[in-house]
Amino acid sequence: SAVISQKPSRDICQRGTSLTIQCQVDSQVTMMFWYRQQPGQSLTLIATANQGSEATYESGFVIDKFPISRPNLTFSTLTVSNLSPEDSSIYLCSVESTGRGTDTQYFGPGTRLTVL
Amino acid sequence: GENVEQHPSTLSVQEGDSAVIKCTYSDSASNYFPWYKQELGKGPQLIIDIRSNVGEKKDQRIAVTLNKTAKHFSLHITETQPEDSAVYFCAASLSNYQLIWGAGTKLIIKP
């Protein structure tokens with residue numbers, strides 16, 4: 001499985017500001033995903049990020065609020081813009097596993113965001 | 001669209017006993033069913049998965065069973081240990097990496 005790191009691991013931000021989360025993978029992957037996990041809840045897919053194309057957003061998530069970059073096959077960033085307390089969540093990136101078959105995803109350790 | 005229900009929401013078992021978590025899905029076209037374990041402060045970890053052409057899969061103390069007719073699949077953990085305490089998530093996938101997630105089960109192993 002791929003080794004995935006995220007930065008920062010946690011942050012506390014003021015409302016109205018933005019936070020950019022980085023996701024780094026130790027091998028090249030085609031598909032990367034960004035999820036939100038609210039406290040005590042399951043995972044919700046924000047968007048799918050393929051290298052060389054614009055991210056595909058799920059219903060309820062928009063590019064202005066959650067801009068994503070995917071400059072190469074091992075790196076992606078998610079920015080959470082104009083923060084409000086409702087954005088306090090864990091943000092997770094995941095990657096598809098090449099060579100294992102379709103659908104398998106591996107997750108990073110997550111970024112815990114608290115908005116004051 | 002696909003919907004996944006997971007039960008129970010909390011499961012408490014004595015150390016050494018077995019634990020079973022069940023999920024049902026709505027779309028019969030779903031063909032991939034992973035299980036993830038999430039420990040406090042960590043990302044979900046894939047522990048076992050099964051595809052629709054297989055009825056059962058085992059990996060040491062962990063097994064997953066799939067009943068396509070009834071559209072449900074279950075995680076079985078035998079000889080539970082304290083380190084099995086975590087939140088477990090099931091998911092179902094139709095295709096193209098779109099995972100539909102269950103709500104999660106908090107597993108508590110009592111010493």
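When only the Cβ of Lys, Arg, Asp and Glu is charged (+1, +1, -1, -1), the dipole of chain B relative to its Cα centre reaches about 160 debye.
Pairwise Cα distances in region B:40-84 exceed 13 Å in 61 percent of cases.
Hydrodynamic estimate: the Kirkwood radius of region B:21-111 over Cα pairs, inserted into Stokes-Einstein at 37 °C and 0.692 mPa s, corresponds to D of 243 µm²/s.
Placing +1 on the Cβ of every Lys and Arg and -1 on the Cβ of every Asp and Glu, with nothing else charged, gives region A:8-95 a dipole about its Cα centre of roughly 80 debye.
FYI, it's all coordinate maths here, none of it is from the lab. Keep in mind it's a predicted model, so treat the numbers as computed, not measured. Virtual Cβ from ideal backbone geometry, glycine too; neighbours counted across all protein chains shown.
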